[in-house]
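Read through the structure below, which is laid out as structure tokens, and then see the notes.
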Amino acid sequence: MRAAHEPGPVSWRRRAWVTSVACAGVLAVSGCVPASPGPSTYEDKAKLTVEAALSEVATVQLTLQQLARDRAFKPSVLTQLRYSEDSLDTATGAFDELNPPRTDDRLHQRTDSLLSAAGDALAHTRIAVERDERQEYPALVSDLKKLATRLDTLDKQVGS
Amino acid sequence: MKKVFALALGILTAIGGFVDIGDLVTNALVGSRFGMSLAWVTVLGVGGICVFAEMSGRVVALSGRATFDIVRERLGPRVGLVNLIGSMAVTLLTYVAEIGGIALALELGTSVWEFFWIPFIAALVWFVLWRAKFDLIENVFGILGLALIVFAVALWQLGPDWASLWQQASTAAKPTNEAWPSYWYYAVGLFGAAMTPYEVFFFSSGGVEDGWTAESLPTMRGNVLIGFPLGGLLSLSIAATATVVLLPASIQVDTLAQVALPVTVALGKLGFAFALLGFFAATFGAACETGLSVGYSICQYFGWQWGKFVRPRQAARFHLVILLSTVLAAAVLLTTVDPILVTEFSVVFSAIALPLTYLPILIVANDRQYMGERTNGRFANALGTGYLVIVLVASIAAIPLMIWTKMGTT
């Protein structure tokens, strides 16, 4: 016969259930808090973000180059531009949510400014292609090329 | 003359039908990140699919029954059910990816949002599977898929440093900025893409649809041993064009437009149009194959009438399964999930499910009750067993590598 105060199988089940809910709650709440990674993790994230941005800028540059030479169809270029802007937004959004460590303030500023420049460049390109402003294409290609070089340089510096 | 024509047509459709959305995306992605250093995986995967497709083709030609029709009978309902659930989950995921791939190809040609296309594509795929004859589905999309040869032409036009490409492929040395876990993760994905389970379901059941007999063996072997390796060359061309154009520009593939970009650079609008036609044919053909495979496998397990060789009314459950899986695939895509991401998942999960598909084939191909004198010889068994070990290793490694590398992003 079990003593009155002894936990029975029902109370064990209840305790397990409460613990599970509590764990899920902690996980959910911690997921909502902006992450504050250490310097090494932050630099890894910055590198990944810069690489993603470089990929999109280089794609748009190469695609626009083909359109400028009348070697690409406008609908496919517009489709790629839409995807590149979306990808860049996603990468930038994820990076912006991170709280930079004090030691990485300069990296944060450089990355942030380059990501912002990349977003502007892609938006300008989309507008120019949509409006068929062909005379703008060479300057845009040149800007995208310079931006890609700057992103590549930052990528190499973060990696070293 | 008729036999030669049948062989030639079979080889051409095997080449054109070899590449699907998984091959397109994975090969371009791997080429843009690892160059040709993973080419050996494609060669290995093509070898594997040849070995097992030949075995399952032989089973069909000699027994007149699809391989997975025999699996339940030979291995019992429980093992058959495990096989069915594992393989079907992956085939359905692949079906979702293929329908998404068609939508991406149409979006690329029209600039109309991909999700707008999905209900129309799903309806069209279902209609084709319901109304069109089997050989029409097989041949039309297989032949149109040959448009992907444009990748080989583009590679030649780009004038790459062939010695460097060969050196990357033969030494399997990854770029220094990439990590080994990611290298192996993509190796598993590429292997899964080359040996996708639905390919043998379709090949084996298609043999019954085509009425293969022992006399069909030479044609079947020609299709497999010539057509599939040549299809594998298309995969390698896609990876090579990405290596030449995208890798030096630091472009990582995450859209179908990026897969076609090297062709545009090399051949301009005409090349792009061919690539687009190839994408459409490859994904539409593969969507038909995966849709039929879902119907084949479920009906074969439950012993229901299946196939396109009977009127839809006589195989009502078969067509209902196809209809329901098409609705499910469209519903998944309409959640606005990225079809490229679904493709990446589908090739990795294919790798996980490979042993469930290939072990039964090896067992049935050694069973005298079905095969008579033509069971596997020593050479076929040695190859089959060797591949089974590789398949098992890939299957076990897939999930840990996926978690470790965060799906290849680290």
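Hey, among the residues in segment B:255-271 that are crowded, with 24+ Cβ neighbours inside 10 Å and facing another protein chain (nearest Cβ under 7 Å), which one's farthest from the chain's Cα centre (by Cα)?
Taking segment B:255-271 first, the residues crowded, with 24+ Cβ neighbours inside 10 Å are B:255-265.
Narrowing the set further to residues that are facing another protein chain (nearest Cβ under 7 Å) leaves B:255, B:257-258, B:261, B:264-265.
On the way: B:THR255: 19, B:ALA257: 20, B:GLN258: 20, B:LEU261: 22, B:THR264: 25, B:VAL265: 27 Å.
If we take residues in segment B:255-271 being crowded, with 24+ Cβ neighbours inside 10 Å and facing another protein chain (nearest Cβ under 7 Å), then B:VAL265 is farthest from the chain's Cα centre (by Cα).
Beta carbons closer than 6 Å, at least 6 apart along the sequence or on distinct chains, never pair a first residue in segment B:4-21 that is within 16 Å of B:ILE149 (Cβ to Cβ) with a second that is modelled with pLDDT under 75. Within segment A:126-150, can you find the residues that are within 14 Å of another protein chain (Cβ to nearest Cβ) and either under 16 Å from A:GLU56 (Cβ atoms) or of a type in the set (Ser, Thr, Tyr) (or both)? The answer is A:ARG126, A:VAL129, A:VAL141, A:LEU144, A:LYS145, A:LEU147, A:ALA148, A:THR149, A:ARG150.
Would you mind finding the one in B:ALA89, B:ALA66 that is more than 17 Å from B:VAL321 (Cα to Cα), of a type in the set (Gly, Ala, Ser) and either within 18 Å of the chain's Cα centre (by Cα) or at pLDDT below 90 (or both)?
Every option except B:ALA66 fails the conditions.
Can you spot a residue in segment B:171-182 that is modelled with pLDDT of 95 or more and either in contact with a Cys (Cβ under 6 Å, 6 or more places away or on another chain) or surrounded by fewer than 20 Cβ atoms within 10 Å (Cβ to Cβ) (or both)? Checking segment B:171-182: not a single residue is modelled with pLDDT of 95 or more and either in contact with a Cys (Cβ under 6 Å, 6 or more places away or on another chain) or surrounded by fewer than 20 Cβ atoms within 10 Å (Cβ to Cβ) (or both). Among the residues of segment B:336-343, is any surrounded by 24 or more Cβ atoms within 10 Å (Cβ to Cβ) and within 14 Å of chain A (Cβ to nearest Cβ)? Scanning segment B:336-343 turns up at least one residue that is surrounded by 24 or more Cβ atoms within 10 Å (Cβ to Cβ) and within 14 Å of chain A (Cβ to nearest Cβ). Checked against (1) surrounded by fewer than 24 Cβ atoms within 10 Å (Cβ to Cβ); (2) more than 15 Å from the chain's Cα centre (by Cα); (3) among the aliphatic types (A, V, I, L, M), B:LEU246 passes all but condition (1).
In contact with a Leu (Cβ under 8 Å, 6 or more places away or on another chain) and of a type outside the set (Ser, Thr, Tyr), is that true of B:VAL125? Judged against the criteria, B:VAL125 is not a match. Put simply, of B:GLY22, B:GLY57, B:GLY100 the only residue that is buried (at least 24 other Cβ atoms within 10 Å of the Cβ), under 21 Å from B:PRO197 (Cα atoms) and touching a Pro at 6+ places or on another chain (Cβ under 6 Å) is B:GLY100. Scoring B:MET36 on the criteria (1) out of contact with any helix residue (DSSP H, G or I) (no Cβ under 7 Å at 6 or more places or on another chain); (2) not in a helix (DSSP H, G or I) leaves a single failure, condition (1). Of all residues in segment A:74-95, one or more are away from chain B (no Cβ under 11 Å), closer than 30 Å to A:ASP44 by Cβ and loosely packed, with under 12 Cβ neighbours inside 10 Å.
With A:PRO101, A:PRO138, A:PRO75 as the choices, which residue is more than 23 Å from B:ASP338 (Cα to Cα) and in contact with a Ser or Thr (Cβ under 8 Å, 6 or more places away or on another chain)? Explain how you work it out, then say what you get.
Numbers: A:PRO138 fails: in contact with a Ser or Thr (Cβ under 8 Å, 6 or more places away or on another chain); A:PRO75 fails: more than 23 Å from B:ASP338 (Cα to Cα).
Sole residue among the options that is more than 23 Å from B:ASP338 (Cα to Cα) and in contact with a Ser or Thr (Cβ under 8 Å, 6 or more places away or on another chain): A:PRO101.
Can you spot a residue in segment B:104-112 that is more than 14 Å from every other protein chain (Cβ to nearest Cβ), of a type outside the set (Ser, Thr, Tyr) and either more than 28 Å from B:LEU24 (Cα to Cα) or part of a helix (DSSP H, G or I) (or both)? Checked segment B:104-112: no residue is more than 14 Å from every other protein chain (Cβ to nearest Cβ), of a type outside the set (Ser, Thr, Tyr) and either more than 28 Å from B:LEU24 (Cα to Cα) or part of a helix (DSSP H, G or I) (or both).
The values are calculated or read from the model by the stated rules, or taken from the named source; none is laboratory data. These figures come from a predicted structure and were not determined experimentally. Note that each Cβ is placed from the backbone with ideal geometry, even for glycine, and that neighbours are counted across all protein chains shown.
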